[in-house]
Amino acid sequence: MAYRRNILYGLFVTISGLPLTSIHAQTETQDSLSVAPVPVTEERTPLHLLASGVRSAYQISKRELTKVGRKLNDIDTTYISPNQYNLAFMLEQSTWFEHYRLGNNGNDGSQSLNFAPTANTKIGIYFGWRWIFLGLSFDIKKLLGKAKDQAPRKEIVFNLYSSRFGVDLYYRKTGSNFKLSSYSNIPTQNRYEGIKFNGLQSSIKGLNAYWIFNYKHFSYPAAYSQSTNQRKSCGSILAGFSYSQHNITFDHTMLPSEIQEQLRPSLTFEKVKYNDYNLSVGYGYNWVFAKNCLLNLSLLPAIAYKKARIDDALPNNQNNWLGWVKDINFDLITRAGLTWNNGKYYVGASLVLHTYDYRKDNFSMTNSFGSLRVYAGFNFWKKKEYRYQQSK
């Protein structure tokens with residue numbers, strides 16, 4: 001049988017006129033093509049389609065952010081005039097001040113020491129974009145070369161005010177220009193009020209966030225960031241949350257010897273570190289007493305939980321499951337602002353004061369810091385929708 005197949009195969013080759021190797025190669029090629037898988041070509045996305053997708057995503061994100069921004073700044077225009085400009089420029093003079101009271105309790109009365117530094121005056125240049133003001137400030141004494149022997153003082157503040165909420169971020173570090181402003185229940189032959197004291201250093205960093213309930217009629221930005229204009233008098237309930245971290249170092253050996261000898265042990269600490277968490281509820285009022293003129297006053301008392309270490313030691317009530325109750329104290333945030341704003345130009349002044357109170361059985365500390373600002377500026381680069389309305 002095999003012999004017959006070979007003869008037939010030879011006759012086929014002779015009739016076809018093709019070489020045997022050619023027929024064999026074609027047969028193998030056909031077999032290999034019939035078995036091998038068909039390759040799948042991978043399509044590549046053209047660059048213009050990719051760019052179009054990125055552009056579409058950007059436009060969608062921009063529209064969504066615009067919607068969110070409008071919701072956050074939804075106002076009643078019969079009470080509040082919206083800001084018609086994108087940018088603002090402002091010159092400012094600011095004065096920073098602070099006060100520390102250290103005290104204790106005793107059977108024969110409480111002792112106290114009060115310290116306050118010389119007020120620190122700065123000048124600043126600021127640029128604003130809608131909700132946010134950023135800029136630089138310079139210490140006037142340093143510019144005049146009168147603060148060479150003092151440790152540097154640092155202040156960093158970031159404020160964001162929208163119609164519904166506000167946020168304050170801050171960091172402060174004191175210098176070395178404290179004075180002993182007063183003391184009590186420490187009898188001395190000489191009077192030491194007003195003497196220079198370099199034994200106190202402090203730093204504080206924190207966050208304030210608060211919500212404005214009557215945001216459609218009451219405007220915080222009108223008083224503190226000049227991004228809107230209050231047209232009718234109105235008030236609102238305010239609620240907020242705050243966190244701050246305090247570090248205070250104290251060297252009592254730098255006090256006059258007469259005072260040192262009479263200090264009780266609780267006032268001879270070296271350092272105090274505490275974290276402050278508080279919840280606040282208060283009220284703010286905008287009084288429009290003349291055209292384009294506004295006076296604001298707001299008070300936010302707060303209930304605060306403070307966890308402290310004195311000389312790196314935890315308080316004695318650490319193992320008492322009800323000991324945390326003794327860590328509850330009270331704080332206060334006060335704001336006041338006076339401004340004239342016609343939409344394009346503005347001048348004004350503002351005061352912001354933070355007061356923190358820490359009390360234990362045999363030790364208490366009240367520290368407060370604040371700033372007084374006097375400013376003048378103008379808005380520019382009108383928003384597109386207002387340019388369009390004007391052209392019509």
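The Cα atoms of region 260-301 define a convex hull whose projected area, averaged across directions, is 6.7 nm². A 1.4 Å probe, protein heavy atoms only, puts the accessible area of MET90 near 10 Å². Our coupling estimate for region 233-238, obtained by passing each phi through the Karplus curve with A = 6.51, B = -1.76, C = 1.60 and θ = phi - 60°, is 5, 6, x, 7, 6, 10 Hz, Gly and Pro reported as x.
Qualifying chymotrypsin sites (Phe, Trp or Tyr not before Pro) in region 163-268, where qualification requires a DSSP coil assignment and no more than 16 other C-beta atoms within 10 Å, comprise TYR192, PHE213. With all pairs of separate Cα atoms included, region 167-254 yields a Kirkwood hydrodynamic radius of 17.2 Å. Summarising the label geometry, the points placed 7 Å from Cα in the beta-carbon direction at TYR386 and ASN362 lie 6.2 nm from one another. Estimated from the Cβ-Cβ distance and a Förster radius of 56 angstrom, the FRET efficiency linking ALA290 and THR253 is about 0.50.
Please state the charge dipole magnitude for region 154-233, taken about the Cα centre, from unit charges on C-beta atoms (+1 on K and R, -1 on D and E), reported in debye and rounded to the nearest 20.
Details: 11 positive and 3 negative charges, 32 e Å.
Here the size comes out at about 160 debye.
Expressed as a whole percent, the accessible surface of region 234-392 that belongs to carbon and sulfur atoms is 62, based on a 1.4 Å probe. Modelled spin-label separation between PHE330 and ASN214, with each label point placed 7 Å from Cα along the Cα-to-Cβ direction: 2.4 nm.
Only loop residues by DSSP count here, and only those with at most 10 other Cβ atoms within 10 Å; note down the trypsin sites (Lys or Arg not before Pro) in region 268-300 that meet that. Don't skip to the end; give the middle numbers.
On the way: sites: LYS271, LYS273, LYS291; in loops: LYS291.
For trypsin sites (Lys or Arg not before Pro) across region 268-300 that sit outside H, G, I, E and B with at most 10 neighbouring Cβ atoms in 10 Å, the list reads LYS291.
The slack in the chain from LEU351 to TYR277, taken as 0.36 nm per residue of separation less the alpha-carbon distance, amounts to 24.3 nm.
Taking label positions 7 Å along the Cα-Cβ direction at both ARG55 and ASN105, the computed distance is 7.2 nm, reported to one decimal.
Would you kindly state how much longer the chain becomes between GLN260 and TYR192 on full extension, computed as 0.36 nm times their sequence separation minus their alpha carbon distance, in nm to one decimal?
On the way: separation 68, 0.36 × 68 = 24.48 nm, distance 1.24 nm.
Taking GLN260 through TYR192 to full extension adds about 23.2 nm, to one decimal.
The values are calculated or read from the model by the stated rules, or taken from the named source; none is laboratory data. Predicted, not measured: the structure shown is a model, and the values here were computed from it. We place every Cβ from the backbone using ideal geometry, glycine too, and count neighbours over all the protein chains shown. Heads up: the accessible areas ignore ligands, DNA and RNA and are worked out on the full protein's heavy atoms, side chains in. Shrake-Rupley method; radii C 1.70, N 1.55, O 1.52, S 1.80 Å.
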